[in-house]
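The values are calculated or read from the model by the stated rules, or taken from the named source; none is laboratory data. For clarity, every value in this text was computed on a predicted model and none was experimentally measured. Ideal geometry is used to build each Cβ from the backbone, glycine not excepted, and the neighbour counts take in all protein chains shown. Note: accessible area is taken over every heavy atom of the protein model, side chains too, but ligands, DNA and RNA are not part of it. Shrake-Rupley method; radii C 1.70, N 1.55, O 1.52, S 1.80 Å.
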Amino acid sequence: MSESSTAAATPAAGAASYDAIIVGGGHNGLVAAAYLGRAGMRVAVLERRHLVGGAAVTEELWPGFKVSTASYVVSLMSPRIVSELALERYGYHVYQLDPAYFAPFPDGRGFLLWDDPARAAEAIGAISPADGRGYLAYSRALSELADMIRPLLYRVPPEAGGGAPGDAREVAGLGRYAFGARRDIGRLTDLMTMSAYDFLSQYFVDESIMGAMCAGSVIGAWGGPMSPGSAYVLLHHRMGETDGVTGAWGFVRGGMGALSEAIASSARAAGAEIHTNAEVTSIDVAGGRTTGVTLADGTVLHSEVVLSGAHPHTTFLSLVGRANLPSEFATEIERYRTRGSSAKVNMAISELPDLIAMPGKEPGPQHPEIMISPSINYVERAWDDAKYGRPSEHPLCDCVIPTTKDPTLAPQGAHIMTVFVQYAPSQLAEGTWDDHRETLGDRVVDTITEYAPNFKASVIHREVLSPADLESRFGLVGGNIFQGEISLDQLFSFRPAPRAASYKTPVHGLYLCGSGAHPGGGVMGIPALNATKVVLRDLKRRRRRETLAGLGRRARS
């Protein structure tokens, strides 16, 4: 990590005014800084922590072990952003995961989910011939739906009530899009409202296969695979690509922090200033318009344009304050749901898991990602625990070992395993997460050991991040990894609320650029890209109005 990104930084004296200030140095904030800097604006990024990246960071938790402590794989990162910001020039490199993962079952069976649908169907068909055939139809249907919805990611949502400048153009564009996709709109509507179980049941019959396939529908979601709307979450995780392969996932060389550092380098090259250890305590407002921000040390920075990559609750209720917002809007933000359901267990291990379903301690195709989701009823029962305020007794475990692709992340011969865990409810029925944190960690280790008997003895170090920890460390309110639940009523023109869905907010000059805005969570950068388009459009209109007003004054004189 570059020294400039980790050293404490306070804005220099005499440099208290900017064309744009960005609250939060997560990957979205950095993307916004890069684009605005490229447009010629003087930009400052203010990050509360000692390093940039938000939840996309690499941290040396134990000597020699560099861990992607929160976000852990990429797919949704926009290829357009990667290209336009020249991220590969700044060190960004992805190791593609193919197979996507290995799915072991308690009875010793298992299969590799290859990126090639025919190869994946063959692997699944060895367990269930009917499901092998079904996988081909399933993969084709999901790809078609992803292709249909992918263009919407880059659209600026019109306000649900209309009336905002630019809405007419967006509505017209959406009308043309809907007309062109009219044959598939019904399929998409079904997907948005269906449960993953109902969607998967159209293609699969084996409960174990459905369990392995349903994991993407619940990752980070407040719901189980039988909850309405969970089918869309499945699609949300399918819309990305790596190395031109749609739906594929990968590890970032150097960990997720290397992606954030690449974006930060691109932003600096465009002239942006990036300040760490610079906590914003208020977004300052006067007369309904933002005037800048105030830092924890009392420093006041001025700008008529502020973009916030922070959670909508933090942005509006903490930094702006209810007194500076229309009361109805403040209520809508308060009602914006942001319940966390996930935990992260990071571990240093002395050897690779020797899986019963596919033995071997030498690196093999089964090791980069291991998905322990052995049946759809298993996952639904895990959700049953969470909805009653209990950590799952038998959790879904998405286990990744990035050192199988990038050995520089750990000392020679050792490995890192990070485990994304469902479910870990943010609101507990009994006690606090201080009472349950290590118990959940033990359950995760014991669960993996059921499938790889050598695993428990291989654990050298362990860190358990509960929803409370995800909130305190990364600013993810409620521990929700998407900065708000991904549900039909919290998407597109309703994310996070109708009057802030187009990235503009009721506070003039304040914009959203984080995952709490369209198109939602995941390491993609698209909310920031879209937000900068709106900022630059508004500034262009403002300059045009000022020019016309000046001409009018001269004509009258």
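Below is a table of values for the structure above.
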{"read-out": "Top-ranked residue in segment 295-351 [being free of Cβ contacts under 8 Å to residues at least 60 places away in the same chain and closer than 28 Å to LEU465 by Cα; ranked as most open to solvent (accessible area, probe 1.4 Å)]", "value": "ARG335"}
{"read-out": "Condition check for TYR511: within 30 Å of PRO106 (Cα to Cα) and surrounded by 18 or more Cβ atoms within 10 Å (Cβ to Cβ)", "value": "no"}
{"read-out": "Considering residues of segment 238-269 that are at pLDDT 95 or above and out of contact with any strand residue (DSSP E or B) (no Cβ under 8 Å at 6 or more places or on another chain) only, the residue most open to solvent (accessible area, probe 1.4 Å)", "value": "ALA269"}
{"read-out": "Verdict on LEU548 being open to solvent by less than 20 Å² (accessible area, probe 1.4 Å) and part of a helix (DSSP H, G or I)", "value": "no"}
{"read-out": "Unique residue being outside any helix (DSSP H, G or I) and touching a Phe, Trp or Tyr at 6+ places or on another chain (Cβ under 9 Å) when the list is PRO151, PRO99", "value": "PRO99"}
{"read-out": "Any hit, segment 410-431, residues being over 30 Å from LEU319 (Cβ atoms), open to solvent by less than 10 Å² (accessible area, probe 1.4 Å) and part of a helix (DSSP H, G or I)", "value": "no"}
{"read-out": "Pair list, Cβ < 8 Å and 6+ apart or interchain, from segment 68-82 residues that are free of Cβ contacts under 8 Å to residues at least 60 places away in the same chain to residues that are open to solvent by 10 Å² or more (accessible area, probe 1.4 Å)", "value": "VAL82/GLU88; VAL82/TYR92"}
{"read-out": "Selected residue (criterion: nearest to GLU84 (Cα to Cα)) from residues of segment 238-268 that are assigned to a strand (DSSP E or B) and of a type outside the set (Asp, Glu)", "value": "THR242"}
{"read-out": "Total residues in segment 499-539, condition of a type outside the set (Val, Ile, Thr), part of a helix (DSSP H, G or I) and touching a helix residue (DSSP H, G or I) at 6+ places or on another chain (Cβ under 8 Å)", "value": "7"}
{"read-out": "Identity of the residue in segment 90-131, of a type in the set (D, E, K, R) and touching an Asp or Glu at 6+ places or on another chain (Cβ under 7 Å), that ends up farthest from GLY247 (Cα to Cα)", "value": "ASP131"}
{"read-out": "Test for LEU440: is it assigned to a helix (DSSP H, G or I), more than 30 Å from ALA323 (Cα to Cα) and modelled with pLDDT of 95 or more", "value": "yes"}
{"read-out": "Flag for VAL285 being open to solvent by less than 30 Å² (accessible area, probe 1.4 Å) and hydrophobic (A, V, I, L, M, F, W, C)", "value": "no"}
{"read-out": "Test: residue in segment 369-381 that is more than 26 Å from LEU539 (Cβ to Cβ) and in contact with a His (Cβ under 6 Å, 6 or more places away or on another chain)", "value": "no"}
{"read-out": "Close pairs (8 angstrom Cβ cut-off, 6 or more residues apart or separate chains): within 21 Å of GLU362 (Cα to Cα) and open to solvent by 10 Å² or more (accessible area, probe 1.4 Å) in segment 440-461, hydroxyl-bearing (Ser, Thr, Tyr) and in a helix (DSSP H, G or I) anywhere", "value": "LYS456/THR449"}
{"read-out": "Qualifying positions in segment 184-201 - touching a residue at least 60 places away in the same chain (Cβ under 8 Å) and more than 20 Å from MET148 (Cα to Cα)", "value": "TYR197"}
{"read-out": "Single match in ILE356, ILE370 (criterion: under 25 Å from ALA55 (Cβ atoms) and among the β-branched types (Val, Ile, Thr))", "value": "ILE370"}
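Conditions tested, residue by residue: (1) more than 18 Å from SER373 (Cα to Cα); (2) in contact (Cβ under 8 Å) with a residue 24 or more places away in the chain; (3) open to solvent by less than 30 Å² (accessible area, probe 1.4 Å); (4) of a type in the set (Phe, Trp, Tyr).
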position: TYR90; (1), (2), (3), (4): yes, yes, no, yes
position: PRO104; (1), (2), (3), (4): no, yes, yes, no
position: ASP116; (1), (2), (3), (4): yes, no, no, no
position: ALA130; (1), (2), (3), (4): yes, yes, no, no
